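The values are calculated or read from the model by the stated rules, or taken from the named source; none is laboratory data. None of the values given here were measured: they were computed from a predicted structure. Quick reminder, even Gly has a Cβ in these numbers, built from the backbone with ideal geometry, and neighbours come from all protein chains shown. Just so you know, the surface numbers come from the protein's heavy atoms only, side chains and all, with ligands and any DNA or RNA stripped out. Shrake-Rupley method; radii C 1.70, N 1.55, O 1.52, S 1.80 Å.
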Amino acid sequence: VLQIVKESQQQHGLRHGDFQRYRGYCSRRLRRLRKTLNFKMGNRHKFTGKKVTEEILSDNRYLLLILMDAERAWSYAMQLKQEANTEPRKRFHLLSRLRKAVKHAEELERLCESNRVDAKTKLEAQAYMAYLTGMLRFEHQEWKAAMEAFNKCKTIYEKLANAFTEEQAVLYNQRVEEISPNIRYCAYNIGDQSAINELMQMRLRSGGTEGLLAEKLEALITQTRAKQAATMSEVEWRGRTVPVKIDKVRIFLLGLADNEAAIVQAENEETKERLFESLLSECRDAIQAVREDLKPDQKQREHALENDSGKVSNIQYLHSYLTYIKLSTAIKRNESMAKSLQKALLQQQRSEEDGKRTPRPQDLIRLYDIILQNLVELTQLPGLEEDKNFQKEIGLKTLVYKAYRCFFIAQSYVLVKKWSEALVLYERVLKYAREVQSGAGAYTNSLKELPDVQELITQVNAEKYSLQAAAILDANETHETESPSQVKDGKPLSERFETFCLDPSLVSKQVSLVHFPPGFQPIPCKPLFFDLALNHVAFPPLEDKVEQKAKSGLTGYIKGIFGFKS
């Protein structure tokens, strides 16, 4: 029973929490089964009800009919539970569907008592019936009856897991793990106060609760913190005590230490990421509550600023404290993501065959950019501008993350064989790291949570030597690849008769034999002659001719007019 149910759920929507799709699958399978078994409920004009009895159990598909009926009712109930968050009236329909699912499960258990059914199926039918009964009682908040039903279900599945091989036992153990938080929640509501701690541990191990328990457990944690918040009146941060009057902020601050401890104890990155997101969401809600109180208090806060000579008001200082928590948590989350990416880069286990994108240094650069931006915002928090120790501490943290950012920028340059740029960036990393070491005397405790700078220095020194070796090898490879037997320089055949070159284009239709049209060639130009002797030539005298022309006078002029010449 359990194997059929789980396979159907995983293949038809429940892998993504789509209960409506699974419900449609159950309806279609029921129709196919009734048609195959010729077990129709009348025709399209008249309904004729039929019941599966022990006498007709000649085929195990008759049991599948009852199982699919129960699954269809259960999936509809879970769909209504999702919709009931916004439409509370649907909760009544939800309970009705769960009762219907239990009714079908009881019928399945009754039919499985037949001698035609083996012992394993009988036990699984009993466990299935107990599971649905427990869920119905859980929704009715009948904690004792729900815990009895879940315990019965857990006992049967544990015995089945011990009776079969490890591969078959995995399915039963998964169901036991699913219902264990429900059992502890019922125990807590009955009166077992120690169950809350176990629920928190289960929440961490499972990476988040699912189903009916998810919202109830979150509400339970909120209620527990609300009871403790009644006794909390103030908080101290960096030597200043601030009163806390907002209930939402009290609840958040009380749960802050538990949330941070849960993040440290998280077993995998997915659980840790989910807890980080939950903490940031609660912090944003608390900041919003403080911000709403800041608006009507604007005039009073401005008056306080004048009287206290620049000292911010309590509500503004509380806002700065919550903003500090938010930015610090965001930095830790991005640092956690960076560490996981660094492991993936070092191990290089992910390949293109997995269908996943291989991590690159550029991904880490983006994360460190966000961290540096958060650190800049920390230095601008109101009330902390004059705190020199805080500013110095943030400055050292900035240098650490700048060093790591430069390191991964250098790594990205190494990938594209830009050796000189990478070497300069490695030197910049060493410069930042030495500045951190020289200024971290009094701030050693605050820098403990940061990445180790000495380890980065060692890694950079090793990378520098490997970079130099890679640059030399790359230069040698470049010379080798430029051998005349392999290089094609684009010259036509007529210009490289003396050089052997493997050129496949010589046997193609676009062979390059000569340059056509031929290019221009330089030729000597026509010489230019300059008459330099003219300056040194003595011309013959012309005085006699000039004098004769002058003596002619008027007579000569008249002769010239009429065309007579002497």
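A few remarks follow.
- Evaluating Thr209 against the criteria (1) in contact with a helix residue (DSSP H, G or I) (Cβ under 6 Å, 6 or more places away or on another chain); (2) at pLDDT 55 or above; (3) under 28 Å from Phe252 (Cα atoms); (4) among the polar types (S, T, N, Q) leaves one unmet condition, (2).
- Long-range neighbours under 8 Å by Cβ, at least six apart or interchain, first residue not assigned by the TED database to the domain that holds Glu124 within the stretch 162-175, second open to solvent by 70 Å² or more (accessible area, probe 1.4 Å) and part of a helix (DSSP H, G or I): Ala169/Asn162; Leu171/Gln3; Tyr172/Glu158
- One residue alone among Lys245, Lys216, Lys311 is assigned to a loop (DSSP other than H, G, I, E, B) and modelled with pLDDT under 75, and that residue is Lys311.
- Being modelled with pLDDT of 85 or more and outside any helix (DSSP H, G or I) is true of Leu381.
- Taking the stretch 130-149 as the range and being of a type in the set (A, V, I, L, M, F, W, C) and in contact with a Lys or Arg (Cβ under 9 Å, 6 or more places away or on another chain) as the test, the residues that pass are Ala130, Leu136, Phe138, Trp143, Ala145, Ala146, Met147, Ala149.
- Some residue of the stretch 68-79 being open to solvent by 20 Å² or more (accessible area, probe 1.4 Å), in a helix (DSSP H, G or I) and modelled with pLDDT under 85: no
- Within the stretch 113-140, tally of residues that are crowded, with 24+ Cβ neighbours inside 10 Å and farther than 21 Å from Ile179 by Cα: 0
- The stretch 132-182, residues that are at pLDDT 85 or above and of a type in the set (Val, Ile, Thr): Thr133, Thr155, Ile156, Val170, Val176, Ile179
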